[in-house]
Every structure is written in C-alpha cells, then in structure tokens.
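To start, the structure itself, in structure tokens.
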Amino acid sequence: MTTTHAHTHSHARARGRDRRVYLRSHPLLFGLLAATRGRGVRRLGGTVLVHDAEAYRQALTRLPLDRTAAGTTGGAAREALRGAGGVLFDQEGGGHRADRVERLREVWRPLLVRGFAPLGRGGEVDVVALARELAGSVVCALLECPADPRAVAEAAAVAAAASVRDHLPGLPRPGAGARAAGAAERLRGLLADGDPLSAMLNTTVAALPRAVAWCADAGLWGQAADAELRPRLAEELLRVTAASPVLPRVAAADGLVGGCPVRGGDRLLLVARHAAQAHGRDPDGRSPAGPGVARLVFGAGPHTCPGARLATAQLADTLEALAPHRPVVTRARVDRRSALPGWRELRLAATA
C-alpha cells in the first residue's frame, strides 16, 4: 500500500468511526443535514438551513439574531437554568478570556499526567471519563466552586441533554421537561454561584474524545508529537469533529442570507459542520484549512464562541500527553442520550 493510499485508508477509518457518533446518537439530525446539503441555503417552511460557508458568515455577522429565543441554544439554557443567576452553556460573558487560559492549564495538565499514567504501565484509559473530570475541574476553577468536578460534569450533561430536545430534530420524549427541571436544580445546587460563564462544558466532553479517536484511527501521533504542528492539528481536529454541528438561531429582523430572504422570527439552522468543510476535508496539521474556515465551528464575528482558544489549548495539551504512547482505540461506545454527538466510553491502549 502506498503512503497516499495508507493515508486515505486511515482517514476513512477515522471518518467511519466518527460517523457512528451521529448515526447512533442523532440519526435524524445527521439524515437531515446530509439530505439538504446539496444547496447552500434551503428554506423548509419557517426554518432556513444554512450550509454554505459565506452564507453562514452572513447569518452570524450581518443578520440581527435573537439568541435568547425559544428553540435556540441560548434560550434552552436560560429556560433550564432560570433563576440560577446565569447560564453555564451560552457563548456570552468573559469566562474564556485569553488571559485565563494559562492559569487554567495549571488545573488540567496535572489531570492529564495522572489520567494517562496507566498507558505507561500497559493499562487502558477511558478518555471520556477524563474529559468529564477535566471540563468539570475547569468550571469549578473559574467559579471558585468546591463541588466535585465529575458531579458537575454529569449534572451539566443531563441538564443539557434534556434542554436541547426542543431544537434538535426528533420526537419529543415524555417527561423531558421534568427531567430538565430536576437536572437544572441539581446543577444549581452544585454551583451555588450562578455567575454567567461560557465554559461550554458539554462541548469539551463531546469534542475531546472524538478528536482523540480520530487522531488514533488516522495515525496522526507524529503530528501530535511535533510542537510546531500540534496547535494546527488540534484546530483541524476540532474542525472535522465539529462538536456543535448545528447552531440553532432565530432571526430578530428581516434580512438576506445567501440570497435567501429571511423574515424576523424565522428559525435558522446554521450547519457549522458543513460550513467548516468537516464532511469533506480530512484534518492535516501540515496543510490546514486555515482559520477562516476552521474556526467557523466556533461561530463568526460577534457570535464567535469565546471558548475557542481554551478548547484548542485543552486538546493540544491532551495530544501532547498522548503522543509518546501512540495509543489505539480498544473500545468505543456511543452516548445515545447526550445533547451533542459524542462517546459514552472511549478506551485507549498504548502501542509505544
């Protein structure tokens, strides 16, 4: 097998495994996105689906958006956490300012050293469990909260999963409202300080294991070990895994997106996965898509997630810690209940 063929085969294996995340956890969502991506912008009744990169940018930078409306991520978060004094999962606030990243590295780097230590002894590790602890620890550090990080992560996952059912395709689940309220109450109890925070905890738990699995399946540990390539590889892996594949928004006023008239009150499904070319361009730190495309998974303009730099730093440090072991995936189990497409369990074993 030539080097080119081996490269293509390894990425096909990685893409096939990652595709299982959608097919087993959010099959209707994946089917809708795949069926409509032939046109850059498509209207279905009162909903406008946006796949094209330029139209996606227009929607986020030129069209007034109501980010707290019912059926949006921000609206779902505020409804679930009403009365808590803030929202944990939205994209507003100063919780991810660049000056905090280096301080937060002191929180997660020891966790990575301890969490991956079994690989050096011939054991296995579950990246999902470690990602939960890492994400919860960062949230607790930002809020100066003494709660158990793993308990925070689990409560956040349940609250988000119950809340987003209103704006993801699929049949409503009986009792979802009660579960959302109970999960939100538990989260409020753990995080007594409701200071607004855009930690994007669930995105970390979904994105980090998927990126690691892709890196392992595609054999990208050589790039992960290279200090110069590693940050670009991390950005590329976040692009292709697109942890938040769709950004649900509501237009606050009339406008035009990709030549399609949009009315105030129309629902927008902005397909970050397709705008960032996640479905067709493999990740490569040596030949990256470039920030103008890669960072579309975090939004654009004033609606860019302020957690982008933090997410990239977390993944880069994770890849650096794993690279000496060159691990392979030994077990992968999809999380069928999560708000975002992700793994419930992802076990690794070292090969070096």
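The values are calculated or read from the model by the stated rules, or taken from the named source; none is laboratory data. All of these numbers come straight from a predicted model, not from anything done at the bench. Cβ coordinates were reconstructed from backbone atoms using ideal geometry, including for glycine residues, and neighbour counts include every protein chain displayed.
Here are some notes:
- Between Val257, Val205, Val240, the distinction of being at pLDDT 95 or above, buried (at least 24 other Cβ atoms within 10 Å of the Cβ), within 26 Å of Asp317 (Cβ to Cβ) and hydrophobic (A, V, I, L, M, F, W, C) belongs to Val240 only.
- One residue from Ala155, Ala135, Ala147, Ala131 being more than 18 Å from Pro209 (Cβ to Cβ), part of a helix (DSSP H, G or I) and touching a residue at least 24 places away in the same chain (Cβ under 8 Å): Ala155
- Selection over the stretch 282-295 of residues that are in a loop (DSSP other than H, G, I, E, B) and either at pLDDT below 95 or over 19 Å from Leu33 (Cα atoms) (or both) gives a count of 8.
- When the residues of the stretch 230-251 are filtered to those that are in contact with a Pro (Cβ under 8 Å, 6 or more places away or on another chain) and part of a helix (DSSP H, G or I), the one that is nearest to Ala278 (Cα to Cα) is Val240.
- Qualifying residue in the stretch 82-90 (condition: at pLDDT 50 or above and out of contact with any strand residue (DSSP E or B) (no Cβ under 7 Å at 6 or more places or on another chain)): no
- Residue list for the stretch 140-154, restricted to those being more than 17 Å from the chain's Cα centre (by Cα) and either surrounded by 17 or more Cβ atoms within 10 Å (Cβ to Cβ) or at negative phi (or both): Cys140, Ala141, Leu142, Leu143, Cys145, Pro146, Ala147, Asp148, Pro149, Arg150, Ala151, Val152
- Residue within the stretch 25-35 that is over 18 Å from Leu340 (Cα atoms) and either assigned to a helix (DSSP H, G or I) or modelled with pLDDT under 90 (or both) present: yes
- Residue, modelled with the highest pLDDT, within the stretch 296-317, restricted to residues that are in a loop (DSSP other than H, G, I, E, B) and within 15 Å of the chain's Cα centre (by Cα): Gly299
- Taking (1) surrounded by 21 or more Cβ atoms within 10 Å (Cβ to Cβ); (2) modelled with pLDDT under 95; (3) in contact with a Phe, Trp or Tyr (Cβ under 9 Å, 6 or more places away or on another chain) in turn, Ser137 satisfies each apart from (1).
To keep it simple, each residue is scored yes or no on (1) within 21 Å of His11 (Cβ to Cβ); (2) surrounded by fewer than 24 Cβ atoms within 10 Å (Cβ to Cβ).
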site: Arg249; (1), (2): no, no
site: Pro261; (1), (2): no, yes
site: Asp266; (1), (2): no, yes
site: Gly280; (1), (2): yes, yes
site: Gly290; (1), (2): yes, yes
site: Cys305; (1), (2): no, yes
